[in-house]
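Report on one structure; see the data block that follows.
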Amino acid sequence: MSNITVDLPQDSYAIAIAPDSLKQLGSQMKELNLGNKVLVISSPEIFSYYGESCLNSLQDAGFEAYTHLIPAGESHKTLESIQRVYDTAQANHLERSSTFVALGGGVIGDMTGFSAATWLRGVNFVQVPTTLLAIVDASVGGKTGVNHPQGKNLIGAFYQPKLVAIDPNLLKTLPLREFRAGMAEVIKYGVIWDQDLFTKLEHCDRLDSLDDVGDELLEIIITRSCQAKAEVVSQDEKEAGLRAILNYGHTIGHAIESLTHYQQFVHGEAVAIGMVAAGKIAVAMGLWTQEEADRQDALIAKAGLPTEIPPELALEAILETIKSDKKVTAGKVRFILPMAIGKVIITDQVTPEIITKALTL
Ligand code: GLY
């Protein structure tokens, strides 16, 4: 059992990590004074596994609990889905003092957070993440939102949860591909922030399934990743500077996702390819050693993740797509590049010529 604090100027909150803790969700929330009514937002599949346990825990603690289900998948991450959440909240008279609970992966977490940020100008919000990616990344830090037809997450708000309640046992139902996708973000923390985590991952013979990782390393992976995210978010809640390092691997990763119409790769896989590409750029610029880049790439491959840009994607198309990324500032593309394992820089000095040289070597 570990507790990590996301330390913020206003409304700091805890990330509570403990196996089998879904049963304690109600009592954990009761201590935080989160009103009497709770709206649990989930997807049908996740709710079929964990809904009953979640509702029992809330009801045993004295909460009046309601449920709203949203079909799984990115295609439902829309304002129309949010409208239906509001309809359920209205029908059940959810009040200012009430709490929305996200029981699911990143899409459910982002939508629940956005609904909570906007319903009655803001109600309490609790994250109960059920995927590795949501546990180590999406559930912490308060980025909430939905997609616009023109792009992912273009509509949203920074809105912090009151609690992130992590029960690693919920990962037992996670499909293998989703587990590996989450490992991409874990490796990311090793490269950008936590050299010791990186080394621990290197020392594990196999990383490509939950069983191979085992309970002990899983707890370390979750705790260290959440610690890294909490430290970064505590220093830069609204991404004025430092927080951008969390986007390591995402510049080229997003371009790959977009060019393959979000059909070929899940997010973590695209980030894995993006990290390998960013490593090559860092080496080509003389910022990083080939030896450390090779260690990163070996770890990504060991987690069963892709490392190569699909050959059918033209480099010109990737360069064009990068230019339209929402993180472009004043026309300059921002890259996060490693200088050592555990240390990265944010730079807008990466030219198309450098990218071309690095990725065609
Ligand atoms: N997933 C990147 C961030 O939370 O800032």
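Annotation note: of LYS152, LYS172, LYS200, the sole residue that is within 16 Å of the ligand (Cβ to nearest atom) and either in contact with a strand residue (DSSP E or B) (Cβ under 6 Å, 6 or more places away or on another chain) or not hydroxyl-bearing (Ser, Thr, Tyr) (or both) is LYS152. Evaluation of TYR262 against the conditions (1) among the aromatic types (Phe, Trp, Tyr); (2) under 15 Å from GLU185 (Cα atoms); (3) at pLDDT below 95 shows that the sole unmet condition is (2). Could you tell me whether region 69-80 includes any residue that is farther than 18 Å from SER139 by Cβ, within 22 Å of the chain's Cα centre (by Cα) and assigned to a strand (DSSP E or B)? The answer is yes; a qualifying residue exists. With the structure loaded, tell me whether PHE114 is under 18 Å from LEU163 (Cα atoms), of a type in the set (Phe, Trp, Tyr) and part of a strand (DSSP E or B) or whether it fails that test. No; evaluated as a whole, the condition is false for this residue. Taking the conditions (1) modelled with pLDDT of 95 or more; (2) at negative phi; (3) surrounded by fewer than 22 Cβ atoms within 10 Å (Cβ to Cβ) in turn, GLY62 satisfies each one other than (2). Of the residues VAL101, VAL40, VAL85, the single one that is aliphatic (A, V, I, L, M) and part of a helix (DSSP H, G or I) is VAL85. Condition first: in a loop (DSSP other than H, G, I, E, B), hydroxyl-bearing (Ser, Thr, Tyr) and within 16 Å of the ligand (Cβ to nearest atom). Now tell me which residues in region 243-301 satisfy that. If the condition is that a residue be in a loop (DSSP other than H, G, I, E, B), hydroxyl-bearing (Ser, Thr, Tyr) and within 16 Å of the ligand (Cβ to nearest atom), then TYR248 is the only one that fits. For region 99-133, filtered to residues that are over 18 Å from LEU69 (Cα atoms) and touching a strand residue (DSSP E or B) at 6+ places or on another chain (Cβ under 8 Å), the residue that is surrounded by the most Cβ atoms within 10 Å (Cβ to Cβ) is VAL123. In region 208-235, the residues that are within 22 Å of PRO306 (Cα to Cα) and part of a helix (DSSP H, G or I) form Cβ pairs under 7 Å with partners that are away from the ligand (no atom under 13 Å from the Cβ) and among the charged types (D, E, K, R), at six or more places apart or across chains, as follows: ASP212/ARG206.
Within region 1-47, the set of residues being surrounded by 20 or more Cβ atoms within 10 Å (Cβ to Cβ), more than 21 Å from GLY142 (Cβ to Cβ) and of a type in the set (A, V, I, L, M, F, W, C) comprises LEU22, ILE46, PHE47.
Can you find even one residue in region 307-328 that is among the acidic types (Asp, Glu), assigned to a loop (DSSP other than H, G, I, E, B), more than 21 Å from the chain's Cα centre (by Cα) and at pLDDT below 95? Yes; the residues of region 307-328 include at least one that is among the acidic types (Asp, Glu), assigned to a loop (DSSP other than H, G, I, E, B), more than 21 Å from the chain's Cα centre (by Cα) and at pLDDT below 95.
For (1) under 16 Å from the mean Cα position of the chain (by Cα); (2) β-branched (Val, Ile, Thr), each residue gets a yes or a no:
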position	(1), (2)
ARG121	no, no
PRO129	yes, no
ASN153	yes, no
LYS162	no, no
ILE166	yes, yes
LEU174	yes, no
PHE179	yes, no
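The condition of being assigned to a helix (DSSP H, G or I) and within 16 Å of the ligand (Cβ to nearest atom) holds for only one of VAL186, VAL146, VAL140, that being VAL186.
The values are calculated or read from the model by the stated rules, or taken from the named source; none is laboratory data. Nothing here was measured: the structure is a model prediction, and the numbers come from that model. So basically every Cβ, Gly included, is an ideal-geometry build from the backbone, and we count neighbours across all protein chains shown.
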